[in-house]
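Accompanying notes for the structure given below.
Every read-out reported here was derived from the displayed coordinates using simple, explicitly stated rules and does not represent laboratory data. The structure presented is a predicted model; accordingly, all values stated were derived computationally and were not measured. Heads up, the Cβs are rebuilt from the backbone with ideal geometry, glycines too, and the neighbour counts pull from every protein chain shown.
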Amino acid sequence: MGRLVVVSNRIADPRKPAAGGLAVALGEVLQATGGLWFGWSGRIVEGGTPGEGELHVQQAGTVTLATVDLSRKDHDTYYAGYSNGVLWPVFHYRLDLADFDAECADGYRRVNRLFARKLLPLLRPDDVVWVHDYHLIPLAAELRAAGCAQRIGFFLHIPMPPPPIMAAIPQHEWLMRALFSYDLVGFQGRTDLDHFVGHATTGMGATTKDRHRLDAFGRTVRADAFPIGIDVEEFERLGRSKEARDAFVTTRDEYARRRLLIGVDRLDYSKGIPHRIRAFRELLNAYPDTRHSATLIQIASPSRESVDAYADIRIELERLCGALNGDFGDLEWVPVRYIHRTVARRRLPGLYRAARVGVITPLRDGMNLVAKEYVVSQAESDPGVLVLSRFTGAAEQLDEALLVNPYDIHGTAEALQQALSMSLGERQMRHRALLERIRRHDVHHWCDSFLEALDESAADAFRQRAQARRSRRPADPARPAPATPRP
């Protein structure tokens, strides 16, 4: 494989442990190939010219980090307006929260064109380009228009909506068509893949060569599911750190008389946290023995709090938690411990391990790696139980979790009761199966399988282009026609 070029909205220094499992996995390949990581610098230039931005290049060991500044207008239209004001809510099935502003769509295109213009001179002929997530859907189309012939793959980290929801985006055809400029398009799960194939074939006239290859607009794109995993070994090391061990001991001792349930999320309307609180209330109502026995720790990290939708959900969540604690709590027991701040990553394995139940119930999620982190954190001798929304990508892999419909408050409460009362033998059986699958499909497997598929897809595309050129080439009268094979 040639040099790997990773393109994402924000970049991370792969040498820093705080970068997380994804940056570590990509960093290994980037370091091995002397790669390049390209993205937004995080800087906003007040009064800057839209469509322009200064390029910054620095070395991080063998890896080159290249970033571009954005003007205030580009940030507000490309990032806040279109990426997070249109694509994020629509791709999470929340059409009611989308703001279809034409100026933001223009800014989205303009910044992708800016990124392509800044990236192209940095590319080498044998580079392999891997573009990440919804901020950069049209990047390959902009690169191709500028003459880029390198292998380019795209991975969508969030859900792919079904055709009727996708069709609500004005000019959605342009977005879908842009995906055909890639050699490979990857999704978190089979459901997302089916949505893409369905939209391409029924709404755009694409034809399928097989389940994974589609022809349209004079190009063939391979589409497939590549479920992302976590760096299991890295997270296990994190669990052995002093911070994690201290968090486990402190939490275990403080809640020695309680059975803990835990939810860890960003404060986002896609995470279903209010539904979770209502399900916990239903549990306490339906099963009086859980009172003074069960405690839910809900960590909701701050997220985009300047946006009205996020401010609204914070108000709703505080009201629900306050009402539940007021109705059921007393001097000795607080049913819900609601924490609206970011908890240090090094403490999380200890908190997960102390909890009898991990409650991961988004209304829609691309994968949800917290579910996998919770499983890896458990003691094999006495593991907790994962209660997981069936509307996550993780649900396609983690069959042994208790899968729930988060909109079904009563059904989720029943699953919480089942988890709290599950026998040790069944908990161990489920945990073994989950852990084995998470180990097998870790972040390194995800990275390797995507790049291998991209290499194969690009080779297929090269052969097809060569064949097309040969078929268009005029016949050489001096060259004899090939013999017709005999029957």
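With viscosity set to 1.306 mPa s and temperature to 10 °C, compute the Stokes-Einstein D of region 4-226, Rh being the Kirkwood radius across alpha carbon pairs; µm²/s, no decimals. Kindly include the intermediate steps, with their values, before the conclusion.
Numbers: Rh = 17.9 Å.
Roughly 89 µm²/s, to the nearest whole number.
Run lengths n ≥ 4 of DSSP H only: what is the helix-derived mean residue ellipticity at 222 nm for the chain, with -39500 (n - 2.57) per run over all residues, to the nearest 500? Walk me through the intermediate numbers first.
On the way: 16 runs with 200 residues, N = 487.
Mean residue ellipticity at 222 nm (helix-derived): -13000 deg cm²/dmol.
With each label point set 7 Å from Cα along the Cα-Cβ vector, what nm distance links ALA80 and ASP13?
2.8 nm
Which percent, to the nearest 5, of DSSP beta bridges fully inside region 4-226 are antiparallel?
Values: 13 of 40 bridges.
Percentage antiparallel, nearest 5: 30.
With a cut-off of at most 15 other beta carbons within 10 Å, and DSSP calling the residue loop, which GluC sites (Glu not before Pro) in region 372-464 qualify? Please list them.
Working: sites: GLU373, GLU380, GLU396, GLU400, GLU414, GLU426, GLU436, GLU452, GLU456; in loops: GLU380, GLU400.
Answer in residue order: GLU380.
Long-range amide H contacts for LEU403: which residues qualify at under 5 Å (H placed 1.01 Å from N, peptide plane, sequence gap of 5 or more or a different chain)?
Amide H neighbours of LEU403, under 5 Å, 5+ apart: LEU388.
Gain in length, ASP246 to THR49, computed as 0.36 nm per residue apart minus the alpha-carbon separation, to one decimal in nm? Walk me through the numbers on the way to the answer.
Details: separation 197, 0.36 × 197 = 70.92 nm, distance 5.01 nm.
Net length gain for the segment: 65.9 nm.
Distance from the Cα centre of region 85-103 to that of region 189-208, in angstrom?
Spelled out, the Cα-based centre of one part sits 21 Å from the other.
Which number do you get for Rg(Cα) / (2.2 N^0.38 Å) in region 177-250? Before the final figure, lay out each step's value.
Working: Rg = 20.0 Å, N = 74, 2.2 N^0.38 = 11.3 Å.
Ratio of Cα Rg to 2.2 N^0.38 Å: 1.77.
Evaluate the Debye formula for region 232-440 with equal point scatterers sitting on the alpha carbons, no solvent, and hand back log10 of I(q)/I(0) at q = 0.08 Å⁻¹, in q order, two decimals.
Ignoring solvent entirely, the Cα scatterers give -0.24.
Would you mind getting me the FRET efficiency between ARG432 and ILE315? Use the beta-carbon distance for r and R0 = 41 Å, nearest 0.05.
0.45
When the distances between all Cα atoms of the chain are binned every 20 Å from zero, what whole-number percent does each bin get?
Spelled out bin by bin, the chain gives 22, 52, 23, 3, 0 percent.
With respect to the cross-link table entries LYS16/LYS242; LYS73/LYS118; LYS242/LYS271, which display a Cα-Cα separation exceeding 28 Å?
Details: LYS16/LYS242 19 Å; LYS73/LYS118 18 Å; LYS242/LYS271 30 Å.
Cα-Cα > 28 Å for LYS242/LYS271; rest within.
For ILE297, which sequence-distant residues (separation of 5 or more, or a different chain) have an amide H within less than 5 Å of its own amide H, given hydrogens modelled in the peptide plane?
Sorted by chain and number, the residues that satisfy this are LEU261, ILE262, GLY263, ARG337.
Given the Cα-Cα distance of ARG341 and THR201 and 0.36 nm per residue of separation, how much length would full extension add, in nm? It would help to have the intermediate numbers written out before the result.
Details: separation 140, 0.36 × 140 = 50.40 nm, distance 4.42 nm.
Length difference between fully extended and current span is 46.0 nm.
Exactly which trypsin sites (Lys or Arg not before Pro) in region 207-270 are in a DSSP loop and have at most 12 other Cβ atoms within 10 Å?
On the way: sites: LYS209, ARG211, ARG213, ARG219, ARG222, ARG237, ARG240, LYS242, ARG245, ARG252, ARG257, ARG258, ARG259, ARG266; in loops: ARG211, ARG240, ARG257, ARG258.
Answer by residue number: ARG211, ARG240, ARG257.
For the chain, what is the percent of antiparallel DSSP beta bridges, rounded to the nearest 5? It would help to have the intermediate numbers written out before the result.
Details: 14 of 63 bridges.
Expressed as a percentage, antiparallel bridges in the chain total about 20.
Helix 308-328 versus the longest principal axis of the chain: what is the Cα-based angle in degrees, 0 to 90, to the nearest 10?
Its long axis makes an angle of about 20 degrees.
Would you mind checking the tilt of helix 190-203 against the longest principal axis of the Cα atoms of the chain, expressed as 0 to 90 degrees and rounded to 10?
Taking Cα atoms only, the helix is inclined about 40 degrees.
Can you tell me, using C-alpha contacts under 8 Å and at least 6 residues apart, the relative contact order of region 232-440 as a whole percent? Write out the running numbers ahead of the final one.
On the way: 365 pairs, mean separation 53.0, N = 209.
Here the relative contact order equals 25 percent.
Please give the charge dipole size of the chain, origin at the Cα centre, charges +1 on K and R Cβ atoms and -1 on D and E Cβ atoms. Round to the nearest 20 debye. Let's see the in-between values first.
On the way: 64 positive and 62 negative charges, 249 e Å.
Here the chain has a charge dipole of around 1200 debye.
Give a quick list of trypsin sites (Lys or Arg not before Pro) in region 355-443 that DSSP marks as loop, anything other than H, G, I, E or B, with at most 15 other Cβ atoms within 10 Å.
On the way: sites: ARG356, ARG364, LYS372, ARG390, ARG427, ARG430, ARG432, ARG437, ARG439, ARG440; in loops: ARG356, ARG364, ARG390.
Those that pass, being in a loop and sparsely packed, are ARG390.
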